[in-house]
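Reading through the structure tokens given below for one structure.
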Amino acid sequence: MLTLRNPQGLSYALMALLAGNVLFDVLLALADVRDLTADDVYFSDPTVLGALNLNLAYSMAFTLFAVTGVVFIVWFRRLRKNAEVWAADLQGRKPGWAVGSWFVPIANLWIPRGIAVDIWRASRWEPYAADGRGELALLNGWWTCWVVSGVVNRVSAQMYKTAETFDEYTTAIHWSLGGYAVEIAAGVLAILFVRRLTSMQHAKATGIIPAAQ
């Protein structure tokens, strides 16, 4: 028997973690800005790099990102299970895909979004109604920024690996800054998405008709 599970408490923890990721992105972006204002001595002087404690910052940011990813997937699966209660026939993939799809190379660029759309439709007041104009804008905006940030970050990481001159480092930093900018946008939109979708499910589960969806 399928039963609803309240995702609100989990969503609060997730939004706090996402906010922490945004904060780290801002701090690391500021470090990149400092890089751009320095001369070429900056890249060859290890004492300067050590003063910034960048290795520690990157390590903390990665750990926070990993924890956030775990909590997000747990939240995502919980909402997918709830969607099964309301509109199982609208769910294009089994609940296990709410977890596994994130780890499938290449396919993870679109499958999780499709699952999110299915959850969204099941969670609104009228699951079988046509999508309203711009209804999925928040979801699509978040997903687009998430995918773009991943691509830009990969490009910047590769540039850092191959950079040998000051100009090459500068180009890599510009790409890195671009990645952080899109990542910050993705983080903010993710917070709004989590809040909105959780609110939709809470309203539906409690029978409270929201003023607008």
**Asked** Which residue pairs have Cβ atoms under 7 Å apart, sit 6 or more places apart or on different chains, and have a first residue in segment 76-99 that is aromatic (Phe, Trp, Tyr) and a second that is surrounded by fewer than 19 Cβ atoms within 10 Å (Cβ to Cβ)?
**Response** 86/127; 97/111
**Item:** Residue in segment 179-191 that is out of contact with any Lys or Arg (no Cβ under 6 Å at 6 or more places or on another chain) and free of Cβ contacts under 8 Å to residues at least 40 places away in the same chain present
**Value:** yes
**Request:** Examine segment 186-199 for a residue that is part of a helix (DSSP H, G or I) and in contact with a Gly (Cβ under 8 Å, 6 or more places away or on another chain), and state whether such a residue exists.
**Result:** yes
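Does residue 160 qualify as being more than 29 Å from residue 79 (Cα to Cα), in contact with a helix residue (DSSP H, G or I) (Cβ under 8 Å, 6 or more places away or on another chain) and part of a helix (DSSP H, G or I)? It would help to see each step written out before you state the result.
Values: more than 29 Å from residue 79 (Cα to Cα): yes; in contact with a helix residue (DSSP H, G or I) (Cβ under 8 Å, 6 or more places away or on another chain): yes; part of a helix (DSSP H, G or I): yes.
Yes: the conditions hold for residue 160.
Look at residue 117 and say whether it is in contact with a Leu (Cβ under 7 Å, 6 or more places away or on another chain), touching a residue at least 24 places away in the same chain (Cβ under 8 Å), closer than 22 Å to residue 10 by Cα and surrounded by 16 or more Cβ atoms within 10 Å (Cβ to Cβ).
Values: in contact with a Leu (Cβ under 7 Å, 6 or more places away or on another chain): yes; touching a residue at least 24 places away in the same chain (Cβ under 8 Å): no; closer than 22 Å to residue 10 by Cα: yes; surrounded by 16 or more Cβ atoms within 10 Å (Cβ to Cβ): yes.
It is false that residue 117 is in contact with a Leu (Cβ under 7 Å, 6 or more places away or on another chain), touching a residue at least 24 places away in the same chain (Cβ under 8 Å), closer than 22 Å to residue 10 by Cα and surrounded by 16 or more Cβ atoms within 10 Å (Cβ to Cβ).
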**Message:** Show me the helices (runs of 4 or more DSSP H) entirely contained within segment 22-138 in which 1 or more residues are modelled with pLDDT under 90.
**Reply:** 41-44, 46-52, 54-87
**Complete:** Of the candidates 97, 75, the one satisfying the condition of being over 17 Å from residue 11 (Cβ atoms) and crowded, with 16+ Cβ neighbours inside 10 Å is 97
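Of a type outside the set (Asp, Glu), assigned to a helix (DSSP H, G or I), surrounded by 15 or more Cβ atoms within 10 Å (Cβ to Cβ) and at pLDDT below 95: is that true of residue 204 in this structure?
Details: of a type outside the set (Asp, Glu): yes; assigned to a helix (DSSP H, G or I): yes; surrounded by 15 or more Cβ atoms within 10 Å (Cβ to Cβ): yes; at pLDDT below 95: yes.
Criteria met by residue 204.
The values are calculated or read from the model by the stated rules, or taken from the named source; none is laboratory data. Small disclaimer: the values here were computed from a predicted structure and weren't measured. Using ideal geometry, Cβ is built from the backbone for each residue, glycine included, and neighbour counts are taken over all protein chains shown.
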